[in-house]
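Heads up: the structure comes next, in structure tokens.
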Amino acid sequence: MTQITIVASGSRGDVQPYVALGKGLLAAGYRVRLLASENFASLATEAGLAFASTGLSIEAITQSEEWRTVLESGNFIAILKKMQSEMKRHAADATRLLPDLLRESDLIVAGMSVLGIHGLATHYRIPMVRAYVFPFTPTRLFPTPLVPKLALGGVFNRWSYQITHQLFWQNSKAVSTELRKLLHLPKGSFWGPFTELERTQTLMLYGYSRHVLPRPNDWPDHHQVTGYWFLDEPEGWSPPGDLVEFLNQGAPPVYIGFGSMGSRNPQEAGELALAALARSGQRGVLAAGWGGLRPTDVPETVHLIGSLPHSWLFPRMAAVVHHGGAGTTAAGLRAGLPSIIVPFMGDQAFWGERVRALGVGTMPIPRKQLTADRLAQAITTAVTHAEMRQKAAALGALIRDEDGISAFVQQIKQRFPLSHKPVTLNAPVQEGMPL
């Protein structure tokens, strides 16, 4: 039976879509294993996937005061530099683990991890599929979502992707270099594997909705948009009784949570959220998450929660306030609710602007500009603006009619049917040889 290995990295919001893909591939008859940091073992096994740890817990690393300061700054270059430093520090551990974890795969599915393991996959003649939740393919239509301020139009938009390609390549280069040394491979390209990936027409699939961001017409045919990759709550899951009781006691509340985005002062962030809810006259559900909204005195109109499935929670809200991560944005739009996005970094501002442009949410409020008054005004707009609520409901219905996981699985079946077997692993090849 065909063995697919999915390599995922990052926070829960980054990893969860890949678990959803694994679940879909498993249902289609493939054997599936997830490689991720150890804190996602239960997430994978609850979905029925085999799991192996890459040994690096992003969750643990980003809880330091130093990391919280960098994340809260919103400086994408500074964040990438910090990530690069961490990757270099852990490159030796990754190099020791990855060959044994990947060599028996018939197919590798990965996002940004593709950059670091491309040489290994080529050496062992293992085909790859690139899977991303934000646009990474150059286009003239809009700039890279990772640095949206580079919006200069036309060819300059395309160049903005080349810049981010190199920024991410520098993050992955340490692992790639160590793997090449271990496998006695020649040095890879100074510019990374991007040219080789396109020369071999390595499939690139995007896990977001065409109704949110249409596929650009200047993309190659092997770059496709499938729809979102949602992971719903596991079978038999039930919500906390105290939360259900709170929801039943009044009008739908407003959700406020910033996922993995750290705050140097979780209490202050929590107090700001409480003040905004009070000034807008709304009940609220506050999520601690990694970012930590931890007010000390919580009124009866507000309920604190830990980690809960957005697929269950969001449809019971009046509006959602969050950081604009791709996964949380998708969950809010799917629920048909107006969104208030408070971007910290990376692609979050891009999704915030898309939400505003589609008329399904308010103007984004950058984290550095967030105040209780601004948030209160945005909450009031999201809860009372009839046209915005109608557009959000209509978009939610369109997204719920899509099946991004099935579309992804169909792409895999067409190219890697269940009978597919790779060339024997005993015949490694050198970079640049045809696959």
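The values are calculated or read from the model by the stated rules, or taken from the named source; none is laboratory data. Since the structure is predicted, the reported quantities are computational estimates derived from the model, not experimental observations. Counting neighbours? That spans all protein chains shown, and the Cβs are built from the backbone with ideal geometry, glycine included.
Looking at residue 29, is it within 20 Å of the chain's Cα centre (by Cα) and modelled with pLDDT of 75 or more? Reasoning before the result, please.
Numbers: within 20 Å of the chain's Cα centre (by Cα): no; modelled with pLDDT of 75 or more: yes.
Criteria not met by residue 29.
Taking region 315-324 as the region of interest, how many residues are touching a residue at least 24 places away in the same chain (Cβ under 8 Å) and either under 14 Å from residue 229 (Cα atoms) or surrounded by fewer than 24 Cβ atoms within 10 Å (Cβ to Cβ) (or both)? Reasoning before the result, please.
In the first step, residues of region 315-324 are kept if they are touching a residue at least 24 places away in the same chain (Cβ under 8 Å); the result is 316-324.
Okay, now just the ones that are also either under 14 Å from residue 229 (Cα atoms) or surrounded by fewer than 24 Cβ atoms within 10 Å (Cβ to Cβ) (or both), so 316-318.
Residues flagged as touching a residue at least 24 places away in the same chain (Cβ under 8 Å) and either under 14 Å from residue 229 (Cα atoms) or surrounded by fewer than 24 Cβ atoms within 10 Å (Cβ to Cβ) (or both) within region 315-324 amount to 3.
Out of all the residues in region 346-367, is one or more closer than 28 Å to residue 394 by Cα, over 17 Å from the mean Cα position of the chain (by Cα) and at pLDDT below 95?
For region 346-367, residues closer than 28 Å to residue 394 by Cα, over 17 Å from the mean Cα position of the chain (by Cα) and at pLDDT below 95: present.
Out of region 193-212, which residues are among the hydrophobic types (A, V, I, L, M, F, W, C), touching a strand residue (DSSP E or B) at 6+ places or on another chain (Cβ under 8 Å) and under 22 Å from residue 20 (Cα atoms)? Before you say what the answer is, go through the steps one by one.
Keep residues of region 193-212 that are among the hydrophobic types (A, V, I, L, M, F, W, C), which gives 194, 197, 203-205, 212.
From what's left, touching a strand residue (DSSP E or B) at 6+ places or on another chain (Cβ under 8 Å): 197, 203-205.
Listed by number, the residues that qualify are 203, 204, 205.
Please state which one of 369, 348 is under 22 Å from residue 133 (Cα atoms), polar (S, T, N, Q) and free of Cβ contacts under 8 Å to residues at least 60 places away in the same chain. First the steps, then the outcome.
Values: 369 fails: under 22 Å from residue 133 (Cα atoms).
The unique qualifying residue is 348.
Check region 154-177 and report whether any residue there is in a loop (DSSP other than H, G, I, E, B) and either surrounded by 20 or more Cβ atoms within 10 Å (Cβ to Cβ) or not assigned by TED's automatic domain parsing to the domain that holds residue 284 (or both). Give the steps one after another, and end with the answer.
Taking region 154-177 as the starting set, the residues that turn out to be in a loop (DSSP other than H, G, I, E, B) are none.
Scanning region 154-177, I find no residue that is in a loop (DSSP other than H, G, I, E, B) and either surrounded by 20 or more Cβ atoms within 10 Å (Cβ to Cβ) or not assigned by TED's automatic domain parsing to the domain that holds residue 284 (or both), so the answer is no.
Looking at (1) in contact with a Pro (Cβ under 7 Å, 6 or more places away or on another chain); (2) modelled with pLDDT under 90, which is the only condition residue 145 fails?
Here residue 145 meets the rest and fails (2).
Checking the structure you have, find out if any residue of region 232-249 is assigned by TED's automatic domain parsing to the domain that holds residue 288, modelled with pLDDT under 95 and either surrounded by 20 or more Cβ atoms within 10 Å (Cβ to Cβ) or in contact with a strand residue (DSSP E or B) (Cβ under 7 Å, 6 or more places away or on another chain) (or both).
No, because not a single residue in region 232-249 is assigned by TED's automatic domain parsing to the domain that holds residue 288, modelled with pLDDT under 95 and either surrounded by 20 or more Cβ atoms within 10 Å (Cβ to Cβ) or in contact with a strand residue (DSSP E or B) (Cβ under 7 Å, 6 or more places away or on another chain) (or both).
Tell me the helices (runs of 4 or more DSSP H) entirely within region 293-381 that contain at least 3 residues that are touching a Phe, Trp or Tyr at 6+ places or on another chain (Cβ under 8 Å).
Details: elements: 310-313, 326-334, 348-357.
Because the criterion is at least 3 residues that are touching a Phe, Trp or Tyr at 6+ places or on another chain (Cβ under 8 Å), the helices (runs of 4 or more DSSP H) in region 293-381 that meet it are 310-313, 326-334.
Mind listing whichever residues of region 16-42 are farther than 13 Å from residue 53 by Cα and in a helix (DSSP H, G or I)? Don't jump to the end; show me each part of the working.
Taking region 16-42 as the starting set, the residues that turn out to be farther than 13 Å from residue 53 by Cα are 16-32.
Selection gives 16, 17, 18, 19, 20, 21, 22, 23, 24, 25, 26, 27.
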